[in-house]
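Comments concern the structure below.
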Amino acid sequence: MDFEESQTKINLARAFAGECQGGARYQFIAQKAMQENKKNIQMLFKTLAKNEMAHARVFWDLIAKHAKKPVKNIEIKAGYPFEDAEITQMIKYASNNEKSENTTIYPTFAKIAEDEGFKDISDKFKKIALVENDHFMLLDELYNKLKSGELYSSSTPYDWKCSNCGHTELLNDAFNTCPLCEKSKDYIELDMIKSPRK
């Protein structure tokens, strides 16, 4: 199929716009976390924002690669979320958005691209869907731990590490204040919330 006439071209543009907006939303969450002195959540969302912008670049490059001439404009019609709330609820919204991308949107776009003969584009949609699944599981776990008050607890001893000075202690419950630099527990790295892929 001719790329210029394909649904895949439109889907790439929609995905590009969605990833750009996702990157912006994650930067906004990072700013809100910074205002609330939640350094660990700020760092996490800065990383997620960087991931989303990298995905946007993949979609941008695929459009440029497959277009026969410079693309001046691609008309798209799509809805994008505009949620603003307290930080825990914003994490839940972000988790839901990531789930939708990895279970519905990108698999559908991948199938359409494959049906239209764009296997390389289909493969990229599938790979990005896997990353979005990781994001979903990470954010879902973070939300659940924040909601239950167990963000800084572990049923088995865990190496709690201060992101400011690097001090680490093996404990079931995280230290409230770093014994070395005296930063609050909001500086503890959130490595423990990483979930394996399902």
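Check whether at least one residue in segment 71-87 is more than 30 Å from Glu182 (Cβ to Cβ), assigned to a helix (DSSP H, G or I) and either β-branched (Val, Ile, Thr) or assigned by TED's automatic domain parsing to the domain that holds His135 (or both), and report yes or no.
Initially, segment 71-87 is screened for residues more than 30 Å from Glu182 (Cβ to Cβ), giving 71-85.
Then keep just the ones that are assigned to a helix (DSSP H, G or I); that gives none.
Within segment 71-87, none of the residues are more than 30 Å from Glu182 (Cβ to Cβ), assigned to a helix (DSSP H, G or I) and either β-branched (Val, Ile, Thr) or assigned by TED's automatic domain parsing to the domain that holds His135 (or both).
One residue alone among Ala64, Ala33 is over 22 Å from Asp123 (Cβ atoms) and assigned by TED's automatic domain parsing to the domain that holds Ala110, and that residue is Ala33. Of all residues in segment 115-135, those being in a loop (DSSP other than H, G, I, E, B) and free of Cβ contacts under 8 Å to residues at least 12 places away in the same chain number 0. If I go through segment 144-198 residue by residue, how many of them are surrounded by 13 or more Cβ atoms within 10 Å (Cβ to Cβ), among the acidic types (Asp, Glu) and at pLDDT 90 or above? Total satisfying the criteria: 3. Residue pairs whose Cβ atoms lie under 7 Å apart, separated by 6 or more positions or on different chains, with the first residue in segment 164-175 and within 18 Å of Lys39 (Cα to Cα) and the second of a type outside the set (Phe, Trp, Tyr) and assigned to a strand (DSSP E or B), are Thr168/Asp159; Thr168/Lys161; Ala174/Ile188; Phe175/Glu169.
For Ile128, the criteria (1) closer than 21 Å to Phe45 by Cα; (2) surrounded by fewer than 18 Cβ atoms within 10 Å (Cβ to Cβ); (3) at pLDDT 95 or above; (4) not acidic (Asp, Glu) hold in every case but one, which is (2).
Taking into account only those residues within segment 93-114 that are small (Gly, Ala, Ser) and free of Cβ contacts under 8 Å to residues at least 40 places away in the same chain, which is nearest to Gly22 (Cα to Cα)? Steps first, please.
In the first step, residues of segment 93-114 are kept if they are small (Gly, Ala, Ser); the result is 94-95, 100, 110, 113.
When the remaining residues are screened for being free of Cβ contacts under 8 Å to residues at least 40 places away in the same chain, the result is 100, 110.
Values: Ser100: 13, Ala110: 20 Å.
The residue in question is Ser100.
The values are calculated or read from the model by the stated rules, or taken from the named source; none is laboratory data. For clarity, every value in this text was computed on a predicted model and none was experimentally measured. All Cβ positions, even for glycine, are placed from backbone atoms using ideal geometry, and neighbour counts span all protein chains on display.
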